[in-house]
Amino acid sequence: MSVIAAENISKRYIIDHKRGKGTNTLRDVVTESFRNWFGRKQDPDQTLEREEFWALRDVNFSINQGDRVGIVGHNGAGKSTLLKILSKITEPTTGSVRIQGRVASLLEVGTGFHPELTGRENIYLNGSILGMKREEIRKAFDEIVDFGGIEKFLDTPVKRYSSGMYVRLGFAIAAHLDPEIMIIDEVLAVGDAEFQKKCLGKMRDVSASGRTILFVSHNLTAVQALCNKTFYFEKGRLMEQGETNHVIASYLSRVSKTKLIRTWETPEEAPGNDQVRIRRVELIPEYPDKTTHIDVRTPMRVRFEFWNMMDRANLNLSLHLNSLTGECIFNVGTQSKPYSKGLIAGECYIPGYFLNDGSYSISVMVVKDTVTPLFNLEEGITFEVEDYREGVAWYGKWPGYVRPQFPFDMKMVEEEAFAK
Amino acid sequence: MKTHEVVIQSGRSERHYWSDLWRNRELLLILSMRDISVRYKQTALGVSWSLIRPLTTMLIMVFVFSKVAKLPADPGIPYPLMVLSGLTIWTFFSNAFTQVSASITTNANLVTKVYFPRLIMPMSSVMVSFLDFLISLSLFVIFAIWYQVSPDWHLLFLPVFILLALLASFAFGLFFAVLNVRFRDVGQLIPFLVQVGFYACPIAYSSRLVSGESWYTLYMLNPLVGIIDGFRWALLGGKAYFNPQSVLASVLIIGLCLSLALYFFRKRENTFVDDI
C-alpha cells in the first residue's frame with residue numbers, strides 16, 4: 001500500500017538580486033511600488049532583478065508502507081526541500097503529496113531546545129514540539145533519560161551540556177516518537193561513533209516494526225545498511241529511484257565525473273593576482289579495472305597549472321589536503337626552483353589505499369622564496385572517497401582519516417591443544 | 001485503525017486546521033511555560049519585576065502629570081489609581097501586541113524545522129502577557145485597598161474589557177507578525193507605535209478632558225480608548241468617565257481587524273519558512 005504519493009511536485013524560490021546595495025526592506029518595496037503606480041520608468045541601476053530558482057522540479061514517487069527510503073544527492077540537490085514539503089513546513093509551488101498516517105520529522109536534533117531550561121524541562125518541550133502527548137512523554141521519560149545517558153544532568157540547564165550530551169538527549173527523545181512515517185535528515189552526522197551505532201540500531205528496530213522511514217544522509221554506508229530503496233536527486237530532479245545498491249552505484253559513477261577539473265582559459269578571468277594566476281587544477285583518478293568512482297583503493301594524481309607573471313622568481317608549490325571539516329590531513333611541497341615568465345605545471349601523486357572514505361578538499365599554494373605565499377587556491381577541488389571493503393561483515397564508519405594497508409600479519413606461533 | 005490522510009498542495013489549507021490547533025493545546029501550554037520560566041532565570045528579583053516595572057512607571061507618571069503638569073483626575077478618583085488602572089490594561093495590550101508581532105520571528109528555529117499550526121506561537125505570546133497582566137493587577141488591588149476604594153457591580157463587566165484588550169492585541173499583533181517575517185522593519189516600528197499609542201490613549205489623562213473637542217469622534221475610533229475607559233469604569237465605578245459608544249467602536253474595529261488578520265495569517269503561514 002502506498003503511504004506517500006507525490007505527484008509532480010515542484011518548488012520555486014524567487015531570489016531578489018538588488019542591483020546596487022542594500023537588502024529587500026520595506027522601504028525598497030514601498031518606493032518600488034510607488035514608482036510603478038506613477039508609471040515612472042525604473043531607474044536602471046536600482047531595479048530588483050528577480051531570478052527564479054527551482055529547488056525541486058516535477059518530482060514523482062510513491063513509497064509503500066514499511067519502505068526504508070534513502071535520499072542521496074549533493075548539497076543543493078533538493079533533498080532538504082523535499083523533506084520540508086513532506087513535513088508540511090513549506091508547501092510546494094505546484095503538485096501535490098498524499099500522505100497516509102502520522103508523520104514525525106526530525107530535521108535537526110533537539111529542535112526547540114532552550115539553553116536555559118534543564119534537561120528534564122527540555123524533554124517535555126522538545127517532545128511536545130515533535131508532536132508527543134504529555135502522557136506519552138511521561139511514559140517514555142525514564143527510557144529517554146537512559147538512552148541518552150544523562151541521568152546525572154537531568155536538572156542542569158542544557159546550556160551547560162557538552163555538545164555530545166546535547167545531541168544524545170535530542171536523539172533519545174526523537175527515538176521514542178511513535179509515528180507511522182518517520183523523516184530523518186542527516187542526524188547521524190553528529191555524535192560519537194558509539195552513539196551513531198546506537199542510533200542506527202534504533203532506526204533498524206523502528207523499520208523492523210513495519211514503519212516507513214525516509215532518511216537523508218551523506219553517509220552512503222549507513223544508507224546501504226538501512227535502506228531498501230534509494231532516491232537520487234540532482235539539481236532538483238529525481239534522477240533515479242529503485243533498489244539501494246543499484247541507485248548508489250549509479251550515483252557514485254556520476255559523482256566522480258563531475259567537478260574533478262577546474263580550468264580558466266585566460267589569465268584575465270583566472271583567480272590569482274599580479275604575480276601568479278591559476279590556469280587549471282585537476283584530480284585524475286586512476287581507476288582500477290571496472291570501477292568508475294573513487295573509493296579507498298583508487299590512486300589519484302593532482303595536476304596544477306598556473307601562469308607566472310614575474311620575470312625571475314624562486315617558486316614552489318604546496319598542496320594541502322583537508323577534510324570536510326577543515327582539518328589538514330597532510331601537506332606536501334615541491335622543491336623551490338627559479339622560473340621565468342610562463343605557464344608552470346605541477347603534479348602530485350596520492351596512492352591508493354591511503355585515504356579513508358570521506359569528503360576531502362585540495363588547496364594549492366604558490367610560494368615564493370620558500371617563505372612568501374603568493375596565492376592560495378582554497379578548496380580548489382573537493383571530492384569524495386567512497387568506502388570499499390572486502391571480507392568484512394562490519395559496516396560501521398571506518399575510523400580515521402587515512403586507511404593505509406601497512407604490513408600487519410599474524411601467524412600461529414605454537415600449536416597447542418587446550419582441550420582436555 | 002482509521003488512517004489519517006493529509007494532502008499537501010499549494011494554497012490548500014489544512015482541512016483539519018482548527019481541530020489540529022485543539023490537538024496541539026498541550027504544545028501551546030508548554031511554549032507559554034517555556035517563555036515564563038525562561039524569562040526570570042538568572043535574575044535576582046525574579047517575578048517581582050512584573051510589579052516593579054508598572055509601579056515605577058506609575059510613580060513617574062504621578063509625578064510628571066499630576067504634580068508637574070497638574071492634570072486633573074476624574075472627580076472623586078485619586079489620580080494614582082486612575083493612572084494605575086489605565087496603565088495596567090495598556091501595559092497588557094502593548095506587551096501582548098509587541099510579543100505577538102515578534103512571535104514568529106523569535107521562534108524561527110521552530111518554524112524552519114517542524115510543523116504545527118503556526119497560530120500556536122502568537123497564542124502562547126498572548127497567554128504569557130496575560131499572566132503578567134494578572135500579576136500586575138494585584139498591584140492595583142493593593143493600591144485600591146490603600147485608597148479605600150471598593151468595587152461595585154461595575155466589576156462584573158471587567159472580563160469583557162480584558163477580553164477586548166486581548167483580542168485587540170492579538171488582531172493587531174498577528175498582522176504585524178506576518179509582516180515581520182518578510183520585513184524586519186516591523187521590529188523597529190513596533191516600539192514607536194507603542195510609544196505613540198501611550199499618548200494617544202487616555203492613560204495619563206481622562207477621556208473627559210478631550211470629550212468636548214471637535215475631534216472627539218475621531219479619537220473614539222481608537223479601539224483602545226473604549227477599552228481603557230471601560231476597564232477603568234469597571235474597576236473604579238461610575239465616577240470614572242465612560243462613553244459606551246466608544247466600546248461599540250472598539251468591538252466593530254477589533255472584530256473586523258481580527259478577521260482580516262486571521263485571514264492574512266492563514267494565507268501566509270504555510271510559506272513563512274521561505275521568507276524567514
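The values are calculated or read from the model by the stated rules, or taken from the named source; none is laboratory data. Every value quoted in this text rests on a predicted model; they were computed, and no experiment measured them. Reconstructed Cβ throughout: ideal geometry from the backbone, glycine too, with neighbour counts over all protein chains shown.
Among the residues making up segment A:208-234, those that are more than 15 Å from the chain's Cα centre (by Cα) and at pLDDT 85 or above are A:211, A:212, A:213, A:214, A:227, A:228, A:229, A:230, A:231. Counting only helices (runs of 4 or more DSSP H) wholly contained in segment A:69-169, the ones carrying 2 or more residues that are at the interface with chain B (Cβ under 10 Å from one of its Cβ atoms) and over 25 Å from residue A:198 (Cα atoms) occupy A:79-86, A:134-148.
Considering only segment B:17-48, state which residues are part of a helix (DSSP H, G or I) and more than 24 Å from the chain's Cα centre (by Cα).
Selection gives B:17, B:19, B:20, B:23.
In segment B:89-118, the residues that are away from every other protein chain (no Cβ under 14 Å) and farther than 14 Å from residue B:187 by Cα never reach a residue that is assigned to a loop (DSSP other than H, G, I, E, B) and among the charged types (D, E, K, R) with C-beta atoms less than 8 angstrom apart, at least six apart or across chains. If you go through segment A:201-226 and keep only what is assigned to a helix (DSSP H, G or I) and of a type in the set (S, T, N, Q), you end up with A:207, A:221, A:224. Annotation: residue B:245 fulfils all but one of (1) out of contact with any Ser or Thr (no Cβ under 6 Å at 6 or more places or on another chain); (2) surrounded by fewer than 22 Cβ atoms within 10 Å (Cβ to Cβ); (3) within 14 Å of another protein chain (Cβ to nearest Cβ); the unmet one is (3). Of the residues that sit in segment A:55-75 and are touching a strand residue (DSSP E or B) at 6+ places or on another chain (Cβ under 8 Å) and over 24 Å from residue A:100 (Cα atoms), which one is surrounded by the fewest Cβ atoms within 10 Å (Cβ to Cβ)? Step by step, filter segment A:55-75, then rank; the result is A:74. Look at (1) touching a residue at least 40 places away in the same chain (Cβ under 8 Å); (2) in contact with a Gly (Cβ under 9 Å, 6 or more places away or on another chain); (3) among the aromatic types (Phe, Trp, Tyr) and you find that residue B:40 fails only one, number (1). Of all residues in segment B:206-233, which are buried (at least 20 other Cβ atoms within 10 Å of the Cβ), touching a Phe, Trp or Tyr at 6+ places or on another chain (Cβ under 7 Å) and at pLDDT below 90? B:206, B:207, listed by residue number.
The condition (being crowded, with 17+ Cβ neighbours inside 10 Å, closer than 20 Å to residue B:103 by Cα, among the aromatic types (Phe, Trp, Tyr) and at pLDDT below 95) is satisfied by just one residue among B:140, B:130: B:130.
With segment B:65-155 as the region, which helices (runs of 4 or more DSSP H) entirely inside it contain at least 3 residues that are more than 19 Å from residue A:125 (Cβ to Cβ)?
Counting at least 3 such residues, we get B:79-106, B:120-146.
Only a single criterion out of (1) within 14 Å of another protein chain (Cβ to nearest Cβ); (2) over 25 Å from residue B:22 (Cα atoms); (3) touching a residue at least 24 places away in the same chain (Cβ under 8 Å) is not satisfied by residue B:185, namely (3).
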